[in-house]
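Data first, discussion second: the structure below is written as structure tokens.
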Amino acid sequence: MAEKNLLQAIHDGLAEEMRADETVMVLGEDVGRAGGVFRVTQGLHEEFGPSRVLDTPLAESLIVGSAIGLSVNGMRPVAEIQFADFILPAFDQILNEAAKFYYRSNGVWTVPLTIRAPYGAVHGGALYHSQSIEAWFCNTPGLKVVAPTFPADAKAMLKSAIRDPNPVLFLEHKRTYRLIKEDVTDEGHEVMLDKARLHREGGDITVVSYGLMLYTALEVAGKLSDEHGIGAEVVEPRTLYPLDRETILNSVKKTGKLLVISEANITGSVSGEIVAIVSAEAFEWLDAPVMRLGAPDTPAAPFARSAMDAFVPSAEKIEAAMLELARY
């Protein structure tokens, strides 16, 4: 066991799976000799060679289309989309092909494909390097959408994704790559892809969040506990589709109050699905209206730092929402 950040944990998960299974391979833009734009795949090209760490043209439809072909012919490819914002040219390949193979073949064809994509807002990223794209894919049966925040979870869930017989979209918040560190176990640890994580227990409100917002929510929850005695129970879905409904509902039934936080646009978001589940299945336990925090419904993150700070929910906004809900 050693302390690793998110980037290092994902790298180690890839390397371990490639050593354990020669059918596991990586392909994408600059993943080979350059080691990836974020250096997640650094060193893999030297260890496994160009046939298993494959540099591709700048064409996302080709990357995913080739990976689908590889996956139905005995390989377990891990396709990297350099930024999640660039995934749209591969949208048809993912939704109409990879996600439907198992269903349309009545369970005969499987597609053991993992698609890695860095997502989330960063200062200066603006329109094409800061998007949260998860909602586009979370209404697609046949495709799992995974978004772990902490290093140990990311490594373990990447292993589970690679071993899954059908496609997994594996989202990595780019601002957490080097921000979050924790002890990460060596080979052998796995986490189920459809199980949420209870990070913090509390009896006053339930906070459901993921990505960078989860990290901020945990900090604010600790502050409110110390300063106001408010017990915020913090739940991370980890898998956004399918959601772990049981863990979320059990928490809300205990606290009676729900706040969902993400940095995606509010309208049509994963947070809306979480709220709908709670409203339908835990209404009688609610002691306050459900609340959501997220980005305003603008087309994309702004370039100016001041506007960007207003775009992403801040610690101050999260604290104000938790206090309002706790005191309702």
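See the values below:
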quantity	calculated
When each of Lys159/Lys195; Lys159/Lys181; Lys100/Lys155; Lys174/Lys253; Lys155/Lys181; Lys4/Lys174 is checked by Cα-Cα distance, pairs over 23 Å	Lys100/Lys155; Lys174/Lys253
DSSP-defined antiparallel bridges as percent of all bridges, the range 197-326, nearest 5	20 percent
Inter-centroid distance (Cα atoms) of the range 164-229 relative to the range 62-95, Å	27 Å
Value at 222 nm in deg cm²/dmol, rounded to 500, when DSSP H runs of n ≥ 4 in the chain each add -39,500 (n - 2.57)	-10000 deg cm²/dmol
Relative contact order of the chain, defined on C-alpha pairs under 8 angstrom at six or more residues apart (%)	17 percent
Positive-pole candidate from Ser105, Leu62, Gln8, dipole of the range 1-133, charges at beta carbon	Ser105
Of [x] 148; [y] 262; [z] 128, the label for volume of the Cα convex hull per residue in Å³ derived from the coordinates	[z]
Rounded to 5, the percent of DSSP beta bridges in the chain classed as antiparallel	20 percent
Residue order, fewest to most beta carbons within 10 Å, for Ser279, Ser271, Ser51, Ser66	Ser51, Ser279, Ser66, Ser271
FRET efficiency, Arg327 to Val37 (Cβ-Cβ, R0 56 Å, nearest 0.05)	0.80
Tensor-based shape of the range 197-326 (alpha-carbon gyration tensor, a/c under 1.5 rounded, otherwise prolate or oblate)	oblate
Charge-dipole axis of the range 197-326 as Lys and Arg at +1 and Asp and Glu at -1 on Cβ define it, positive-most pick from Ala264, Ser225, Leu249	Ala264
Approximate spin-label separation Asp186-Ala276, in nm, with each point projected 7 Å along Cα-to-Cβ	4.6 nm
³J(HN,Hα), Karplus 6.51/-1.76/1.60, whole Hz, each residue of the range 292-306, x for Gly, Pro	9, 10, x, 6, x, 7, 9, x, 6, 5, x, 7, 4, 4, 5
Residue-by-residue Karplus 3J(HN,Hα) for the range 172-179, coefficients 6.51, -1.76, 1.60, Hz, glycine and proline x	10, 6, 5, 6, 8, 3, 10, 7
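Here, each number is a calculation from the coordinates, and none is a lab measurement. All values reported here derive from a predicted model rather than from experimental measurement. Here the Cβ is made from the backbone with ideal geometry for all residues, glycine too, and neighbour counts use every protein chain on show.
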